[in-house]
Amino acid sequence: MFPCADPRITSIAGEVTVADLSAGLYETVAASQTGQVIGVTGGKGDWITGILVIPATTSPGAIALLDGGTSITVFTGGATSVSNLVPFLIPLGMKSANGAWSVTTGVNVSVVVMGNFRP
């Protein structure tokens, strides 16, 4: 792994490997789920490639990605937040620093989470 020259960017635990990028695992999360763990157990170091968002209406709820206890809003949703019902990808390319990845979905939005996590 090449070091980053930008001092604002810091490494999180370990290096990203080809195995992280090519594992090809996925998990679905239905609408209105709270903190669904990604993978059977999940854990620190799990890799998440991206989230495919599948809106059921043009006013879907929010989506939050949690790294252990740290919550990251990846889609705010809300009234007319999408113009159509075409699924779209949120690319992430992140390794968990604090524990299992988990996802919380709002009303009228489901997701497919892709990455390399403990199946």
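The values are calculated or read from the model by the stated rules, or taken from the named source; none is laboratory data. This structure is a prediction, so every number in the text was calculated from the model and none was measured. When we count neighbours, we look across all protein chains shown, and the Cβ atoms used for this are built from the backbone with ideal geometry, even at glycine. Heads up: the accessible areas ignore ligands, DNA and RNA and are worked out on the full protein's heavy atoms, side chains in. Shrake-Rupley method; radii C 1.70, N 1.55, O 1.52, S 1.80 Å.
Among the residues of the range 26-76, how many are open to solvent by 20 Å² or more (accessible area, probe 1.4 Å), of a type in the set (Gly, Ala, Ser), out of contact with any Leu (no Cβ under 8 Å at 6 or more places or on another chain) and farther than 12 Å from residue 111 by Cα?
Final tally of qualifying residues: 4.
Taking residue 109, is it of a type in the set (A, V, I, L, M) and at pLDDT 95 or above?
Answer is yes for this residue.
Just to confirm my filter: which strands (runs of 3 or more DSSP E) fall fully inside the range 22-97 and include at least 1 residues that are within 12 Å of residue 114 (Cβ to Cβ), in contact (Cβ under 8 Å) with a residue 60 or more places away in the chain and over 11 Å from the mean Cα position of the chain (by Cα)?
By residue number, 25-29.
Can you give me the number of residues within the range 14-33 that are modelled with pLDDT of 95 or more and closer than 18 Å to residue 98 by Cβ?
0
Please specify each residue of the range 109-119 satisfying the condition of being open to solvent by less than 60 Å² (accessible area, probe 1.4 Å) and either polar (S, T, N, Q) or part of a loop (DSSP other than H, G, I, E, B) (or both).
Passing the criteria: 110, 116, 117.
How many of the residues making up the range 80-104 are modelled with pLDDT under 95 and open to solvent by 50 Å² or more (accessible area, probe 1.4 Å)?
Final tally of qualifying residues: 3.
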